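The block underneath contains the structure these notes are about, expressed in C-alpha cells.
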Amino acid sequence: MSTQLVHTIAEVREAVASARRQGLTIEFVPTMGALHEGHGSLMDLARRPQGFLVVSIFVNPIQFDRPDDYERYPRTLEADVEFCRARGVDLVFAPSIEEMYPQPQRTFVEVTGLTEHLCGRFRPGHFRGVTTVVTKLFGIVQPDRAYFGEKDAQQLAVVRRMVRDLNLPVEIVSGPTVREADGLAMSSRNRRLDPEHRRAAPAIYRALQAAAARVAAGAEDPGEVRSAALRVLEAEPLLRVEYLEIVDPEEIQPVAGITDEVLIACAVWAGNVRLIDSVRARPGRGEVR
Ligand code: AMP
C-alpha cells in the first residue's frame, strides 16, 4: 500500500472524494510532525479496514505564544513521511503556511471557560490557534473520526467541546498517553532536552503518580494532593514548575474537593523546554488509564 504526500487543499479534497467513492470512511490524525510513538499509537487506533487514513503535519504558527518556541519546533518531514508509510497511512497532508492562512485571515474559533486555566492561563491565544486550525483541518479533510491524545488533556477537552457546541459532524476519539520506559510522556519537544534535563524529566510523571496515589488513598483536599506532587518536583533542581492544578476533566475548572474523577495536570520547564503531562485520578482508585 502506498502513502501519498500532498501539500495543497485541492489535492486532499480529491483524494478524500475518491476514497469516499470507494465506500471508505475518513479517519484523521492531526499532528505538528516530529512524529513519535505517541502519534503512532493514534495512527494505530485510526487505521481501519474500511478506512482511509489521513495524517496532517503542520506546525501551526497561530498557536505558538513564543516566537522562539515556534522557530525551534522540530521539523522532520522526510522522516515523518517514512513513519507514516510504515504505519499504513494513506494520505499525508503537509501544507505551507500560505496554503493554510491566505492573508488576511479574519475568522478565528474560540472556546471560552475551558481555556481559562492550565495552559490557557500561561499561553495567551494558544487554544484559539488550536481550535481555529482544527476547524480548518476538519473543513478540509471532512473526517468521520478525528483522533487526539490524552497527553494534551486540555486540548482534548477543548476540541470535544468545540465539536459539541458547533455541531461539527465528526466523532472525536482519544488515545492514552504513550510514555518512555522511565515514565516521561513522549513529546516532539523531548528531542530538545539536553542529557541532564532528560534525566530529570521523569520526575514529572512521578509527581503526578504521587498525587494520584493521594487521591487513591482518599485525600479530598486538592491542596494536599497538589503538595504531594510538588514535593517530588521540588526535589529535582533542574525542573521549574509553571503550573500544577487539579481540575474537573470536562470543564477544566479547579475543584474545591475531590469527590469524583479529576484531572491532575502540569506544565514544567526543563531548561528552555516546556513539557506538559497529566493523569486522571478517581477517589479510592487513583490513576485512571
Ligand atoms: P502534536 O504533534 O504534539 O500536536 O500532537 C498531535 C497529536 O498527538 C495530539 O492529539 C497529541 O495529543 C497526540 N500526542 C502527542 N504526544 C502523545 C503521547 N505521548 N501519547 C499519546 N498521544 C500523544
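Please treat every number below as a calculation from the coordinates, not as lab data. What you see is a predicted model, and the numbers here were worked out from it, not measured in a lab. As a convention, Cβ positions derive from the backbone with ideal geometry for all residues, glycine included, and neighbour counts pool all protein chains shown.
Observations
- Percent of Cα-Cα distances greater than 21 Å, calculated over the range 188-281: 30 percent
- Extents of the range 152-201, taken as max minus min of Cα coordinates on every principal axis and listed largest first, are 46, 18, 13 Å.
- Signed unit charges on C-beta, dipole axis of the range 145-289, positive-most listed residue Pro195, Gly223, Ala153: Pro195
- Couplings 3J(HN,Hα) of the range 140-149, computed from phi: 7, 8, 6, x, 6, 9, 10, 10, 10, x Hz, in residue order, whole Hz [Karplus 6.51 cos²θ - 1.76 cosθ + 1.60, θ = phi - 60°; x for Gly and Pro].
- Packing-based exposure ordering (other Cβ within 10 Å, fewest first) of Ser41, Ser174: Ser174, Ser41
- Cβ-placed point charges (K, R +1; D, E -1), dipole of the range 4-175 about Cα centre in debye, nearest 20: 400 debye
- Extension reserve of the Arg160-Arg191 stretch, reckoned as 0.36 nm per residue once the Cα distance is removed: 8.3 nm
- Building the convex hull from the alpha-carbon atoms of the chain and averaging its projection over directions returns 15.1 nm².
- Alpha-carbon centroid distance for the pair the range 8-41 / the range 51-107, whole angstrom: 12 Å
- Residues whose placed amide H lies under 5 Å from that of Met186, excluding near-sequence neighbours: Val178, Arg179, Glu180
- Local electrostatic count at Ala213 - Lys and Arg +1, Asp and Glu -1, tallied over other residues with Cβ under 15 Å: +4
- The range 4-175 has equivalent-ellipsoid semi-axes of 24, 18, 16 Å, by the square roots of 5 times the alpha carbon gyration tensor eigenvalues, sorted largest first.
- Under Karplus coefficients 6.51, -1.76 and 1.60, residue-wise ³J(HN,Hα) of the range 61-75 in Hz, glycine/proline x: x, 6, 9, 9, 8, 10, x, 5, 5, 4, 5, 8, 4, x, 10
- For q = 0.14, 0.18, 0.22 Å⁻¹, Debye-computed log10 I/I(0) when each Cα of the range 98-240 counts as one equal scatterer: -0.87, -1.18, -1.36
- Basic side chains Lys and Arg get +1 at the Cβ, acidic Asp and Glu get -1 at the Cβ, and with that the dipole of the chain about its Cα centre reaches some 300 debye.
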